[in-house]
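Have a look at the structure below, then the notes.
The values are calculated or read from the model by the stated rules, or taken from the named source; none is laboratory data. As the structure is a computational prediction, the values presented were derived from the model and not from experiment. Every residue, glycine as well, gets a Cβ built from its backbone with ideal geometry; the counts of neighbours run over all protein chains shown. These area figures cover heavy atoms from the full protein model, side chains too; ligands, DNA and RNA do not enter into them. Shrake-Rupley method; radii C 1.70, N 1.55, O 1.52, S 1.80 Å.
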Amino acid sequence: MAGKGKKEKMMIRKTGAEAIVHMLERQGIRIVAGIPGGSNLPLYDALGKSSLIRHVLARHEQGAGFMAQGMARVTGKPAVCLATSGPGATNILTAIADAKLDSVPVICITGQVPSRMIGTDAFQEVDTYGMSIPITKHNFLVRSAAELLDVVPRAFRIASSGRPGPVLIDVPKDVQSETIEFDSWPEPGRADGAPAVDMDEVKRAAEMINEARRPILYLGGGIIASGAAAVSAHLAEKASLPVTMTLMALGALPHNHPLSIGMLGMHGARFTNMALEECDLLVVLGARFDDRATGKVAAFCPNAKIIHVDIDAGELHKIKTAHLGVTGDVKAVIDALLPLVAENGRAEWISRITALRTSYPLLMTGADDPRTPYGLVLAVARIVGEEAIIATDVGQHQMWTAQAYPFSRPQRWLTSGGLGTMGFGLPAAIGAALASPESTVVSFSGDGSLLMNIQELVTAVEEDVNVKVIVMDNHSLGLVHQQQELFYGNRIFAADFKAHVDFAAAAAAFGMKSYDLAATDDPEAILHQALTSHGPCLVHAHIDISEKVYPMVPPGAANKDMIGDENYDNTIA
Amino acid sequence: MTTQLPESGDSKNAAEKCTVLEVTVNNHPGVMSHVCGLFSRRAFNVEGILCMPIGDGDRSRIWLMVNEDERLDQMVKQIEKLEDVLGVNRHAAGHEVFARLEEFFRVQ
């Protein structure tokens, strides 16, 4: 009897909601973003009692999802967002799909109508589980509070293991309210260790690199995710391998590293795509041959053998058949590869790269003038320095930033690469600033993109985050405008805004400090003031609609068929 | 439906150019959606599906009859990535599990 009493005393008694909150605390989660609603009120009630977790109230669930992404992208650790059932869930799904395509570890916990009402078209009921299957790494519909003790740690393990990705947990309201007793808390979910490296494959890769005359390293987002930026630089330096980076990998190698040949693909510099055209070995590390990077696949690196290393076996041979496919963590594989790769100056290939770089550079017209796209990006970079975190929305401003910004370290660049979601920038920047409060976070945006999640300006004000929104306003959906002009007979339709927003006034209405670059003779001074004082602010910059992102590979064309930036010295063949 | 699944072995009666995939999964609602969704989103037709619990019911076996196609390797890799999939066996020459069911699918 006494024994039984003692045992009962040791039991933990919690509601499902309380258990979720405590397990999040045990996972080390200190900030969550979300919006409450009818079906997640028990969870919010429990969350309100947590002394460890700070809740950031977004103004649209998509904003909450991107805030979690911002946190996850700068820390590399899973971050959490919350939404209610029905419209809360459908609103947040875009941010989850975005996390899937860019392999970002996000845990999304949605409320669901009570179990007995599922399938009855209850108020604010949608099939969140069914809708989230193709856009998550994994998802759960929790059927009892006891299941949560398994599901929550598993969700964290899945999100952070192997190729990271989003996990959604749909929790019916009655499961949140159900009281359970259990004797101990489960261990927090952690990433599984990297798979063993196959040394035979590594030896073959080393041989192929040692034998190659014109090799190139092609780095993707996997380099950032696995913390392999430094070792990939060692590899490049030891064997004199020119390095190109995808949009997702910018910052892996500093922009001014002599072996960096910059971003490849649709808006890469001419010399970069030309170098790829000439390479005889492409070493693909944590990249996935995205169509924006490769252009017409059949014509991509036509003379190259391919070594492809990826933690996701499903990426190998998916788009392009590799001569050697290696399933593994890129950092572990590079570590194993380094001692086997011979030191090699590759004078001939490096001088060829230098010649291409000199003759076919990225032409950044207006680089000295902060009233032009490149000039603005470079002026901001000069002021905020290397420590700053840079986010973007999607469109012309994103590509100008990707081309011109002097990235110098990993995990400081947040952009929606795979899904290309307009509206990503501001909430992702807020998330980054929450996770890294000592940093200056700049969000380059366009007028089209900013309007897609402009409500989060008030969240930035409420949380007093150090986010600086730079709006490049050309009164247009600029990249659509550019494509209509170039490829649709200049028939501009639905891409130009007739009514124009006074963004500085709009920001002021949200309670945010704002600046209008049109109202000054000294834009650099205004930028300095905006970017060096603490707290959120918005800078309204005006961009001429005739400004285009060049060079450009027309959609579906080969990378060698770029247009724009033809103003080169064509003295070399 | 037969409850006793054959050990293995390929049937000569199986439809031509069809491969049978034997997928062992955790048995809970939703697993079928995960597996079938991979095929439907790639417009990859599934010719036949069978699913029954195995062992003590914690797991299920899904039998899929699919067309042999250059994308099949990629499909199998995608299936193997699913959290609830415990294993995938390929029976390139078909499998008698479907052959035995033919009598239930005769047009009157």
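Remarks
- Selected residue (criterion: least open to solvent (accessible area, probe 1.4 Å)) from residues of segment A:337-360 that are touching a helix residue (DSSP H, G or I) at 6+ places or on another chain (Cβ under 6 Å) and farther than 17 Å from A:Leu219 by Cβ: A:Leu356
- Residue within segment A:317-324 that is open to solvent by less than 30 Å² (accessible area, probe 1.4 Å), within 14 Å of another protein chain (Cβ to nearest Cβ) and over 25 Å from the mean Cα position of the chain (by Cα) present: yes
- Segment A:128-146, subset closer than 23 Å to A:Ser177 by Cα and of a type in the set (A, V, I, L, M, F, W, C), residue most open to solvent (accessible area, probe 1.4 Å): A:Ala146
- Of the listed requirements (1) touching a Ser or Thr at 6+ places or on another chain (Cβ under 6 Å); (2) exposed (fewer than 15 other Cβ atoms within 10 Å of the Cβ); (3) within 14 Å of chain A (Cβ to nearest Cβ), B:Val25 misses just one: (2).
- Residue match in segment B:44-54 (condition: out of contact with any Leu (no Cβ under 8 Å at 6 or more places or on another chain), within 14 Å of chain A (Cβ to nearest Cβ), open to solvent by 50 Å² or more (accessible area, probe 1.4 Å) and among the charged types (D, E, K, R)): no
- Pairing residues of segment B:67-92 that are more than 10 Å from chain A (Cβ to nearest Cβ) and assigned to a loop (DSSP other than H, G, I, E, B) with residues that are of a type in the set (A, V, I, L, M, F, W, C) and open to solvent by less than 50 Å² (accessible area, probe 1.4 Å), at Cβ distances under 9 Å and at least 6 apart in sequence or on separate chains, gives B:Glu68/B:Cys18; B:Asp69/B:Phe44; B:Asp69/B:Met75; B:Ala92/B:Val20.
- Just one of the listed residues (A:Val202, A:Val197) is in contact with a strand residue (DSSP E or B) (Cβ under 9 Å, 6 or more places away or on another chain), part of a helix (DSSP H, G or I), in contact (Cβ under 8 Å) with a residue 12 or more places away in the chain and away from chain B (no Cβ under 12 Å), and it is A:Val202.
- Flag if A:Ala122 is of a type outside the set (D, E, K, R) and buried (at least 24 other Cβ atoms within 10 Å of the Cβ): no
- Selection within segment A:484-504 - part of a helix (DSSP H, G or I) and open to solvent by less than 50 Å² (accessible area, probe 1.4 Å): A:Gln484, A:Phe503, A:Ala504
- Matching entry among A:Arg292, A:Arg270 (being open to solvent by 30 Å² or more (accessible area, probe 1.4 Å) and not small (Gly, Ala, Ser)): A:Arg292
- Among the residues making up segment A:281-315, those that are of a type outside the set (Val, Ile, Thr) and either over 17 Å from A:Leu217 (Cβ atoms) or in a helix (DSSP H, G or I) (or both) are A:Asp291, A:Arg292, A:Ala293, A:Gly295, A:Lys296, A:Ala298, A:Ala299, A:Pro302, A:Asp312, A:Ala313, A:Gly314, A:Glu315.
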